[in-house]
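This structure is in structure tokens; I'll ask about it shortly.
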Amino acid sequence: MAPKRRRVRRHASNEVQGEGSWVITAALNVAEMREYRKRAEEEDFDAFEMGIDVLKTHVYTWNWVGDDDAPFPQPEDDPGVMDLLTDDEVEFLSKCIQGDEAEAKN
């Protein structure tokens with residue numbers, strides 16, 4: 001079997017959005033990590049806002065819903081949808097983008 005890069009991945013998100021939910025994200029590359037490290041050295045650096053910026057550019061698509069069970073807009077179409085997420089959802093997405101250490105060992 002030939003190698004296949006896994007930068008863009010589909011993740012089951014049952015733990016934060018219920019059975020059958022999913023999200024597709026892209027992992028950070030080295031150039032992006034370097035850029036974020038540079039930004040972290042700036043005087044007016046805000047780690048939380050930088051994290052939300054990463055979500056806006058690295059969450060590609062999902063089938064997530066809001067409190068009323070109506071579908072969320074796709075992040076690409078409405079990056080402001082990130083303002084509607086819970087802290088658990090933000091943490092879940094961050095882990096998806098950063099990758100799972102256990103998965104990386106396999």
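Looking only at segment 11-23, filter to residues that are buried (at least 16 other Cβ atoms within 10 Å of the Cβ) and not polar (S, T, N, Q); which one of those is nearest to K56 (Cα to Cα)? If you could, list the steps in order and put the result at the bottom.
Here is the first cut: in segment 11-23, the ones buried (at least 16 other Cβ atoms within 10 Å of the Cβ) are 11, 13, 16-17, 21, 23.
Okay, now just the ones that are also not polar (S, T, N, Q), so 11, 16, 23.
Working: H11: 17, V16: 18, V23: 13 Å.
Only one residue fits best here, namely V23.
Being surrounded by 12 or more Cβ atoms within 10 Å (Cβ to Cβ) and free of Cβ contacts under 8 Å to residues at least 40 places away in the same chain: is that true of P3 here? Walk me through it before giving the result.
Details: surrounded by 12 or more Cβ atoms within 10 Å (Cβ to Cβ): no; free of Cβ contacts under 8 Å to residues at least 40 places away in the same chain: yes.
Against the criterion (surrounded by 12 or more Cβ atoms within 10 Å (Cβ to Cβ) and free of Cβ contacts under 8 Å to residues at least 40 places away in the same chain), P3 does not qualify.
If you don't mind, there's one more thing I want to ask. Name the one entry in D88, D77 that is in a helix (DSSP H, G or I), surrounded by fewer than 13 Cβ atoms within 10 Å (Cβ to Cβ) and not small (G, A, S). Please lay out each step first, then the result.
Values: D77 fails: in a helix (DSSP H, G or I).
Every option except D88 fails the conditions.
Throughout, read-outs are computed from the coordinates displayed, never taken from laboratory work. A quick note: this is a predicted structure, and the numbers were derived from the prediction, not measured. Counting neighbours? That spans all protein chains shown, and the Cβs are built from the backbone with ideal geometry, glycine included.
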